[in-house]
Every structure is written in structure tokens, then in C-alpha cells.
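Encoded as C-alpha cells, the structure appears first; notes follow it.
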């Protein structure tokens with residue numbers, strides 16, 4: 001009777017050992033009241049950190065043209081480039097306007113000479129006398145009023161001293177040095193039409209030679225010739241000088 005009991009006890013001990021080994025290792029750490037047992041693999045899945053392998057990443061190259069300037073240096077550079085482009089547009093516009101004025105104001109046939117045979121000629125024909133020497137304040141010449149585009153002539157033979165599109169308040173102006181009666185004489189022609197000058201600095205001109213056209217450039221409010229005469233460096237009355245010498 002004792003032998004069967006010992007055999008039963010041994011079998012019970014062996015069964016207990018087998019059950020203990022079969023229980024998952026994490027069962028001892030599970031909280032009381034756990035409704036469902038989980039395996040080590042399930043816990044590992046929940047706690048694992050996901051990652052992306054390098055082979056799955058797509059490299060994207062950024063093009064500079066795909067974004068706008070953001071730094072202070074880039075913004076200032078962009079502003080400078082835009083300002084330079086605007087200045088270039090304005091210069092081109094002004095040049096085109098000047099070319100249009102010149103082409104529309106100069107007649108096709110300008111091979112003209114002032115009539116007369118004297119050493120001194122009238123610089124303009126068909127005019128109305130305006131302000132004279134010192135009239136209405138500081139005025140060193142005489143204003144001879146005529147329509148814009150009227151021909152202007154060299155008052156005497158000489159050498160061109162000044163020929164400019166912008167000669168101070170004279171606007172488009174020409175100045176010529178002469179030697180008349182042994183005296184150094186200079187004549188000045190102001191307010192000509194843009195682009196109408198027919199002479200250049202250093203050029204020799206004959207009495208009565210065409211030098212330009214009447215205009216209203218510089219300090220002028222109407223079409224006219226502003227004419228000055230200087231003898232030996234001194235201002236003289238150009239109206240009296242023309243009346244005494246032109247012919």
C-alpha cells in the first residue's frame with residue numbers, strides 16, 4: 001500500500017516541475033487581475049522603436065531657383081539688381097525720346113547760307129527783336145525771336161570754341177572765335193534745337209555758314225536766338241554791333 005503512494009507522490013512532484021517550467025518567464029511580473037496573458041514576442045512588439053532603413057529614404061536636392069532670397073545680404077543684392085535694371089530702362093527711354101526729338105526737328109535740306117557779302121552777317125533772318133543788353137536784369141545779349149527750326153548762321157568766319165547739347169543756361173549752344181578788324185571777337189548762339197548743331201569744336205567756319213536751328217532749350221520759355229558778342233573779352237551790345245557791321 002505504501003509503494004503505490006510513493007509512486008503517486010513522485011508523479012505529482014514531476015508534474016509540478018513540468019508546470020513550473022512551462023509558465024512564461026514574465027508571468028511573475030504581471031499585475032494582479034491581468035485578464036489575458038501575453039507572450040514575450042507581443043511585449044517586444046509593443047515596446048519596440050520603429051526606424052527607417054537608409055535604403056528607404058529618398059534624397060531630394062534643393063534648387064536655388066526654387067526659393068526666394070531670405071538673408072539680409074540676398075535681399076539687398078536683389079534690390080540693387082532691380083534698381084540697376086530700372087535705371088537702365090530709364091536711360092534707354094530718355095535716349096529714345098532724344099532721338100525722336102532730333103529726327104523730327106532737323107529739316108532734310110539744311111545746306112543753307114546767310115545772304116550777304118560782308119565780313120559780318122546777320123545770324124538769323126525774319127525775326128522780332130526781344131530783350132536787349134541788360135534788359136530785365138542780368139542779360140549779356142539780345143534775344144531775336146523766331147519760330148523753332150529757323151536756320152542760324154555764323155556771324156563771321158572763325159573757329160568753333162564751344163558746341164554742346166547742354167551749355168549751362170544756354171541749352172544747346174555754339175560759341176565761335178573770330179578776328180575782325182584786328183580785334184578778338186567771340187559770338188555766342190544759345191537755346192538751339194536739340195540735335196540741330198552743324199559744327200564741332202575746332203572746326204573752321206565761313207561767314208554765313210549754317211550752324212544750327214532756333215530752339216527753346218536751357219533757360220528759355222519761347223523759341224528764339226540768344227546772341228552775344230564779346231570783343232577782347234568784354235561784353236558789347238550785340239544789337240548795335242550787328243547794325244553797324246552786318247551786311
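Quick note: the coordinates plus some simple rules give every number you see, no bench work behind them. Keep in mind that this is a model prediction, so the values were computed, not measured. Cβ: placed from backbone, ideal geometry, glycine included. Neighbour counts: every protein chain shown.
See the values below:
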| read-out | value |
| --- | --- |
| Förster radius 45 Å - calculated FRET efficiency between residue 85 and residue 206 (Cβ-Cβ, nearest 0.05) | 0.40 |
| The range 153-247 shape via C-alpha gyration tensor axes, a/c threshold 1.5 | prolate |
| The range 172-214 shape via C-alpha gyration tensor axes, a/c threshold 1.5 | prolate |
| Estimated FRET transfer efficiency (residue 232, residue 161; beta-carbon r; R0 22 Å; 0.05) | 0.90 |
| Contour minus Cα-Cα distance for residue 240 and residue 76 (0.36 nm per residue) | 52.8 nm |
| Contour minus Cα-Cα distance for residue 177 and residue 219 (0.36 nm per residue) | 12.8 nm |
